[in-house]
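As structure tokens, the structure follows; a few thoughts come after it.
Coordinate-derived values only; no laboratory data. Not measured: the values here are computed from a predicted model. Neighbour counts run over all protein chains shown; Cβ positions are idealised from the backbone, glycine included.
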Ligand code: GLU
């Protein structure tokens, strides 16, 4: 498509959730692939439910995911003048009318229709009013066509047809003068030149009404692509019951944005049986034609699997930057200790999330180790004093501090005493980390550095009874 213009149009009434993020991602990918324009529009006309906090949360989540936009954010709350003009245009052209029916009258009509087994639908009482009625509150209704059909070819779902008689004369302006959702979306998409609307399929029923509005306003109708919704494992709509639904909650749980992006895209889209995609690859390979028609099922296990993959294969410098935040949350100073990338390298194979990695990395940065009492009792025994002292002097003599030279010191002591590595590795591990699980002991010593290693070894001698 030439000059493709797509948009993401969240309502700022909460956090960016998994479904919204996927819609944003699909829009972003299509825009980048087609060298089009990605517009961000904040749909904040529902004043009672929209908050600045939500706007900030949505912007933050998009930034975290790397979904940069080219235009916006536009705010519907700043476009009221435009909406008023367009309502006026429809009133003048006879495609909209003022409706003075009161709430009670409408309720009566609704009950009557129900009693007679008809579908409740506005009966058009005010359609034919010749002139405005002074001093009486009114809504503005769209004069919808009563006959024929409204059809569109959805880029994901295929052709969809609605019978016009099923569609009401939609209220486009409330009695307080504010325009309604379906109307402002059309005005915005039309004036922003959006030519492809990618959104959740919960909006399919709005689409024929919106198409009729485009026609009445004399605007070009965009293409539509309705993305199937996301379900929980029990096949009901994804909700809090299925775990965290806010994208940023996953950041806090230690997930990487690349894992989230990779996960989201596969919720409904596929490319053969490939599972792992970089953003660059996605931009090249993504297409709406390969988005499935049926709902995707949210699978936290797979998200975790992807996260593990991206932690294992990630650039240690970048992962270190991500890890810093999690160490800080533990009250540790990531700048006061070994270089983060070195720490990351020792833990990449051992952590599925950054939370786990921070847990595993904490000992590098702690000023006071907390010792596991059982491990101390088991491994820091009197017979270890000799070994630890030999290790201390062997390490003190090293000119070069690396895994090989450190290994050499261990091997000499082991040979002299005819011992196997665990005999000394475990006591040293307890001394340096406080517990019995850690990365390879040579790696730990290499990364922890001479000064801290020797100090921690010295510190445990009294615990051994020295
Ligand atoms: N603001 C709407 C929502 O958050 C989206 C409208 C649209 O994409 O057309 O559901």
Query raised in the report: In whole Å and largest first, what semi-axes does the C-alpha gyration tensor of segment 273-316 yield when each eigenvalue is scaled by 5 and square-rooted?
Result: 22, 17, 6
Report summary line: On the formula 1/(1 + (r/R0)^6), with r taken between the Cβ atoms of residue 132 and residue 166 and R0 of 30 Å, the FRET efficiency rounded to 0.05 is 0.55
Query raised in the report: What translational diffusion coefficient, in µm²/s and rounded to a whole number, does the Stokes-Einstein relation yield for segment 154-244 at 37 °C and a viscosity of 0.692 mPa s, taking the hydrodynamic radius as the Kirkwood radius over Cα pairs?
Result: 220
Report task. Would you mind computing Rg(Cα) / (2.2 N^0.38 Å) for segment 75-127, counting N as its residues? Result -> 1.55
Requested in this report: Determine the gain in length on full extension of the stretch residue 412-residue 302; use 0.36 nm per residue of separation and subtract their C-alpha separation, reporting nm with one decimal.
Outcome: 35.0 nm
**Report entry** With Cα atoms, 0 to 90° folded angle of helix 354-365 axis to the chain main axis
**Finding:** 30
Query raised in the report: How far is helix 450-460 tilted off the main Cα axis of the chain, in degrees rounded to 10, range 0 to 90?
Result: 70
Query raised in the report: Add -39500 (n - 2.57) for each DSSP H run of 4 or more in the chain, then divide by its residues: what number comes out at 222 nm, to the nearest 500 deg cm²/dmol?
Result: -14000 deg cm²/dmol
Report summary line: Full extension between residue 436 and residue 206 adds, at 0.36 nm per residue less the Cα distance, a length in nm of 76.8 nm
Report task. Output the direction-averaged projected area (hull surface divided by four) of the convex hull of the alpha-carbon atoms of segment 390-442, in nm². Result -> 3.5
**Report entry** Rel. contact order, % - alpha carbon contacts under 8 angstrom, at least six apart, segment 347-428
**Finding:** 26
**Report entry** Relative contact order (%) - segment 139-225, alpha-carbon pairs under 8 angstrom, separation at least six
**Finding:** 33
Report task. Starting from the Kirkwood radius over alpha-carbon pairs of segment 110-261, derive D by Stokes-Einstein at 37 °C in a medium of 0.692 mPa s and give it in µm² s⁻¹. Result -> 175
Query - Whole-angstrom Cα spans of segment 355-466 along principal axes, big to small - result: 40, 31, 22
Query raised in the report: Counting DSSP beta bridges in the chain, what percent are antiparallel, to the nearest 5?
Result: 55
Report task. Calculate the spin-label point distance for residue 335 paired with residue 191, positioning each point 7 Å from the Cα along the beta-carbon direction, and give it in nanometres. Result -> 4.7
Query raised in the report: In 10 Å bins starting at 0, how do the alpha-carbon pair distances of segment 193-278 split up by percent?
Result: 13, 32, 31, 19, 5
**Report entry** Approximate spin-label separation residue 176-residue 55, in nm, with each point projected 7 Å along Cα-to-Cβ
**Finding:** 1.8
Query raised in the report: Taking the Cβ-Cβ separation of residue 219 and residue 317 as r and a Förster radius of 60 Å, what is the calculated FRET efficiency to the nearest 0.05?
Result: 0.75
Query raised in the report: For segment 107-123 and segment 9-44, what is the separation of their Cα centres, given in Å?
Result: 38
Query raised in the report: How big is the Rg/Rh ratio for segment 340-385, C-alpha atoms only, Rh by Kirkwood, two decimals?
Result: 1.10
**Report entry** Contact order relative to length of the chain, as percent, for alpha carbon pairs under 8 angstrom and 6 or more apart
**Finding:** 12
Requested in this report: Work out how much length residue 275 to residue 253 would gain on full extension: take 0.36 nm times their residue separation and subtract the Cα-Cα distance, in nm to one decimal.
Outcome: 5.7 nm
Report task. For helix 52-65, report the angle its Cα long axis makes with the longest principal axis of the Cα atoms of the chain; keep it between 0 and 90° and round to the nearest 10°. Result -> 60
Query raised in the report: Using 18 Å as the cut-off for backbone N distance, which residues of segment 292-311 belong to the label zone defined by a point 7 Å from the Cα of residue 233 along Cα→Cβ?
Result: 296-308
Query raised in the report: Roughly how many nanometres apart are two label points built 7 Å out from the Cα toward the Cβ at residue 93 and residue 403?
Result: 7.1
Report summary line: The Kirkwood hydrodynamic radius of the chain, taken as the inverse of the mean 1/r over all distinct Cα pairs, in Å, comes to 26.8
**Report entry** Order of 248, 335 under a 10 Å beta carbon neighbour criterion, fewest first
**Finding:** 335, 248
Report summary line: When 28, 181, 15 are arranged by how many other beta-carbons sit within 10 Å of their Cβ, fewest first, they go 181, 15, 28
Query raised in the report: For segment 252-351, what is the convex hull volume of the alpha-carbon atoms per residue, in Å³?
Result: 106
Requested in this report: Please report the base-10 log of the normalised intensity I(q)/I(0) for segment 161-207, using a Debye sum with one equal scatterer per alpha carbon and no solvent, at each q in 0.20 (1/Å).
Outcome: -0.86
